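The values are calculated or read from the model by the stated rules, or taken from the named source; none is laboratory data. None of these values were measured; they are calculated from a predicted model. Cβ sites come from the backbone with ideal geometry, for glycine too, and all protein chains shown count toward neighbours.
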């Protein structure tokens, strides 16, 4: 009887784990417009993390493996997990080439514990760098 109860407990845990994982794995199709940002500098505010002032630093961070996000016009930060079918998540050449650009992307949104994750299926529009902050802040990490 003890073995049967143990087996049932294991099956119950497996069922609820699978059910929860399946529910969490369902993405929602979204379109997001915003600036591609270096997540480390943006979240920690260790440096001024936006626009032209931060472009070179953002490229270095992305190449070094720091996650890249879209700072949406809606005020949300969307951590980019993948871009346009590319299997490279760290130092992704596609995302490095659009660092600090204002973009509109289509993708699948996943949320867990208040964090928004985005798998970008298409960069619909790329306006380039439009947030001209270097005149005010200098070029980071050097500053004025």
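Does residue 103 qualify as being surrounded by 15 or more Cβ atoms within 10 Å (Cβ to Cβ), at pLDDT 85 or above and in contact with a strand residue (DSSP E or B) (Cβ under 9 Å, 6 or more places away or on another chain)? It would help to see each step written out before you state the result.
Numbers: surrounded by 15 or more Cβ atoms within 10 Å (Cβ to Cβ): yes; at pLDDT 85 or above: yes; in contact with a strand residue (DSSP E or B) (Cβ under 9 Å, 6 or more places away or on another chain): yes.
For residue 103, the condition - surrounded by 15 or more Cβ atoms within 10 Å (Cβ to Cβ), at pLDDT 85 or above and in contact with a strand residue (DSSP E or B) (Cβ under 9 Å, 6 or more places away or on another chain) - is met.
Given the options 105, 68, 83, 77, name the one that is under 11 Å from the mean Cα position of the chain (by Cα) and within 10 Å of residue 34 (Cβ to Cβ). Before you say what the answer is, go through the steps one by one.
On the way: 105 fails: under 11 Å from the mean Cα position of the chain (by Cα); 68 fails: within 10 Å of residue 34 (Cβ to Cβ); 83 fails: within 10 Å of residue 34 (Cβ to Cβ).
So the residue among 105, 68, 83, 77 that is under 11 Å from the mean Cα position of the chain (by Cα) and within 10 Å of residue 34 (Cβ to Cβ) is 77.
Condition (residue is buried (at least 16 other Cβ atoms within 10 Å of the Cβ), modelled with pLDDT under 90 and over 14 Å from the mean Cα position of the chain (by Cα)) applied to the range 117-131: is it met by at least one residue?
Yes: the range 117-131 contains one or more residues that are buried (at least 16 other Cβ atoms within 10 Å of the Cβ), modelled with pLDDT under 90 and over 14 Å from the mean Cα position of the chain (by Cα).
For the range 53-116, which strands (runs of 3 or more DSSP E) that fit wholly inside it have 2 or more residues that are in contact with a helix residue (DSSP H, G or I) (Cβ under 9 Å, 6 or more places away or on another chain) and free of Cβ contacts under 8 Å to residues at least 40 places away in the same chain? Break it down into steps so the answer makes sense when it comes.
Details: elements: 68-72, 77-83, 102-112.
Per the criteria, 68-72.
Got at least one residue in the range 18-28 being surrounded by fewer than 10 Cβ atoms within 10 Å (Cβ to Cβ), touching a strand residue (DSSP E or B) at 6+ places or on another chain (Cβ under 6 Å), outside any helix (DSSP H, G or I) and modelled with pLDDT of 85 or more?
Yes, the conditions are met somewhere in the range 18-28.
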